[in-house]
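The block underneath contains the structure these notes are about, expressed in structure tokens.
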Amino acid sequence: MRIRLHAPSIEPSLVREIAGRYFIDASGSAVLLRLAGEEVVVPARPQAWTHIFTLAPVDSAEILAYIERHPRDFVLAENWVERMRKYLAVSGFFGLVRGARESAEFPVPRDRLLLFGGSVAEEITVNTTRVFPPKSYFRRSTAERARLAGRLRTEALGQVAALARWMRTNVPGFKRAEIHRLAPEIGVRESFRLRGRYILKARDVIGGRSFPDAVALASYPIDVHVSGSAELKTKQLDARGLYEIPLRCLQPRRLLNVLAAGRCLSADSAAYASARVTPIAMALGQAAGMAAATLVRGENAVTESILRAVSDAEWR
């Protein structure tokens, strides 16, 4: 089948003709869905953007020693000492950051440092830079968004350099650290997404809801990097500690041969603040691929039998 994808009301210049029986939009910003004229959610107040980078060499023992001396300066889990010896994950240094902000020395509008270890020895990933797209960002033209994004990337890269310098001077364990790696793109936490057959809700996430057509399990808390603010607002899941995402969150309301995947899923803003992260996006990509493969083999539209097949445990 040959279809013509067009959405002049979104962007008149973007008209493409593509042959295919089934399509998966894994663009992260619902590009295919918008071109096809499907209904999407336009973020009203997009979350802050971050340019991720790594520093090395870093002395993790010095970081842990500082945390042991100043535990109230960090967000800590139970048995954190044993956990961090296996995998370093730091949310804190609140006192250092607060003092630096009060003296106008901290180069980023944040209330903390977010630091993570990884598979490379003595390397720490820094998830701390923060720039703010305007509220109207996603309502502007593609060209305007591109210009704005370029300016925001430049601002974020300036923060990377300034933050690395500040950390070398002020944070235990970083006195020899240099910028080791830089993400190829700035991290955009929230973008266009599908308004699908089901909209995942905050109460589904927090309450650990199950669905008969579940295709992915998720366990990340609601995590909002507040626009225009230094804050990070989080909401932990209830006792179950996980929730399910139904296939209907990947299904458009109108199109029968298109599925959303990853960050294109259908969710309200709070639920999206949990489901947007990489492991969950990967699970949804796997689910969409499995669903499309099932549809191709069956040569039929999405039906209840397909939902049951994809939601079977062996598919997850």
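The values are calculated or read from the model by the stated rules, or taken from the named source; none is laboratory data. Keep in mind it's a predicted model, so treat the numbers as computed, not measured. Reconstructed Cβ throughout: ideal geometry from the backbone, glycine too, with neighbour counts over all protein chains shown.
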Fill in the blank from the handout: Taking segment 241-299 and keeping residues at pLDDT 95 or above, within 14 Å of Asp213 (Cβ to Cβ) and small (Gly, Ala, Ser) leaves Ser266
Practice task
Enumerate the pairs (first residue in segment 81-107 and farther than 23 Å from Ala61 by Cα and assigned by TED's automatic domain parsing to the domain that holds Ala121; second residue anywhere and aromatic (Phe, Trp, Tyr) and outside any loop (DSSP other than H, G, I, E, B)) with beta-carbon separation below 9 Å, excluding pairs fewer than 6 apart on the same chain, so at least 6 apart or on different chains.
Solution key: Ala100/Trp166; Glu105/Trp166; Phe106/Trp166; Pro107/Trp166
Practice task
Just one of (1) of a type in the set (A, V, I, L, M, F, W, C); (2) surrounded by 15 or more Cβ atoms within 10 Å (Cβ to Cβ); (3) in a helix (DSSP H, G or I); (4) at pLDDT below 95 trips up Val302, so point out which.
Solution key: (3)
Problem - Filter pass, Gly173 being of a type in the set (Gly, Ala, Ser) and on the phi < 0 side of the Ramachandran plot - result: no
Handout entry: Members of segment 218-256 found to be surrounded by fewer than 17 Cβ atoms within 10 Å (Cβ to Cβ), of a type in the set (S, T, N, Q) and touching a residue at least 60 places away in the same chain (Cβ under 8 Å), listed by number
Key = Ser229
Practice task
Within segment 146-154, identify whether any single residue is over 30 Å from Leu32 (Cα atoms), modelled with pLDDT of 95 or more and among the basic types (Lys, Arg), and answer yes or no.
Solution key: no
Handout entry: Only listed residue being without any contact (Cβ under 8 Å) to a residue 40 or more places away in the chain and in the same structural domain as Gly289 (by TED's automatic domain parsing), chosen from Ala36, Ala19
Key = Ala19
Practice task
Tell me, yes or no, whether segment 103-123 has at least one residue that is over 21 Å from Trp166 (Cα atoms), modelled with pLDDT of 95 or more and surrounded by 15 or more Cβ atoms within 10 Å (Cβ to Cβ).
Solution key: no
